[in-house]
Amino acid sequence: MPIPPEVTGEEIDPDVRQELMSLPKGLADDVARNLVMVAQLIDEDPEKAYGYSRVALRLASRVAAVREAAGFAAYATQKYAEALAEFRAARRMTGGVELWPVMADCERGLGRPERALAMAGEPEVQKLDKAGQVEMRLVAAGARRDMGQLDAAIVTLQSPELASNANHPWTARLRYAYADALLAAGRESEAREWFAKALEADKDGSMDASDRLAELDGVEFVDAFDEEDDEDGEESGASDSLDEGTDEDDDEAEDADKA
C-alpha cells in the first residue's frame, strides 16, 4: 500500500522504535512507516488502517508492537476473532496485562459476554493500572448489559472513580456509560444528571453527551438547509400570488378598453 513520502517512520512511539531495532534497519523503517499509517488512520478510516497493519504483520510478525497494532486495527473493523488472536500473541511475547480489558471486550464482540465477565474476575485485573481497571469495569458493565442485567451493570459502574470530582482521561467515558445504563433502566432524571456530568468532563468534545441531554429535554434540532428550503418555498409562493394578481388586473384593464 502506498505511503505518503512525508511519513518517515520517525513519528512512531520511542518504545515501539526500540522494539523495531531488532530488525535490519531498512526493514525496521518500512515497518515503522506502516505502523505510523495505522496510528494516523485507525479512527478516521479503520479499513485502510487495517490494510497497513497487515503489511506490517507480514514484514515483522515476531514483534509484539506489530501484533498489538494489528490487533487494534482488526478490533476497529470489528474483526473480533482476529483481534483477539493478535492480542493474545502480543501478550505472550511481552507477558504484560495491559491488553486484558480489550481482550475481554473482544469476547463481548464475539457474543460471549460471560467470558468477558469471567476475565473481569481474574487476578490479571489487579495488575492493571488505574486506567486499565476502569476500562475493565466498563467492559464488565457492558457484558452485564449484553446479558440483560441492567441493574447489575449500574452497580458495576458505581465506584470511587465514578464518585470522584477529579477529571481523568477516563472520567467522561465512565460517567457517560453510567448515564446510559441508568437511561436503559428507565431512570431518566438520574441519567440526565450523569450525562451533564459527562459533558462537563468531556473537554475535547469526543462524545455526544450534549445530544443525549437535548433528547431527554425534548429539544429537536432542525436542519438549517431544511429551514432555507422552507423560506425559499414561502417566498416563491408569495411571488406566485403577486403574479396571479397582476394577471387579473390585466384582464380587467382589457375589459375596460373594450367597453
Which residue out of 46, 24 is closer than 18 Å to residue 73 by Cβ and not small (Gly, Ala, Ser)? 46
Top-ranked residue of the stretch 10-49 - restricted to ones that are under 26 Å from the mean Cα position of the chain (by Cα) and of a type in the set (Gly, Ala, Ser), ranked as nearest to residue 80 (Cα to Cα): 49
Only one residue in 172, 179, 143 is crowded, with 21+ Cβ neighbours inside 10 Å and either outside any helix (DSSP H, G or I) or in contact with a Pro (Cβ under 8 Å, 6 or more places away or on another chain) (or both), so which one is that? 143
Please determine, by comparing only the residues of the stretch 120-137 that are crowded, with 20+ Cβ neighbours inside 10 Å and among the hydrophobic types (A, V, I, L, M, F, W, C), which one is nearest to residue 174 (Cα to Cα). 134
Only one of (1) at pLDDT below 95; (2) open to solvent by 50 Å² or more (accessible area, probe 1.4 Å); (3) in a helix (DSSP H, G or I) does not apply to residue 218, and that is (3)
Could you tell me which of the residues 204, 151 is open to solvent by 60 Å² or more (accessible area, probe 1.4 Å), of a type in the set (D, E, K, R) and in a loop (DSSP other than H, G, I, E, B)? 204
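The values are calculated or read from the model by the stated rules, or taken from the named source; none is laboratory data. Just so it is clear, the model here is predicted, and its values are computed rather than measured. Backbone-built Cβ (ideal geometry, glycine too); neighbour counts: all protein chains shown. In case anyone asks, the SASA skips ligands and DNA or RNA and just uses the protein heavy atoms, side chains included. Shrake-Rupley method; radii C 1.70, N 1.55, O 1.52, S 1.80 Å.
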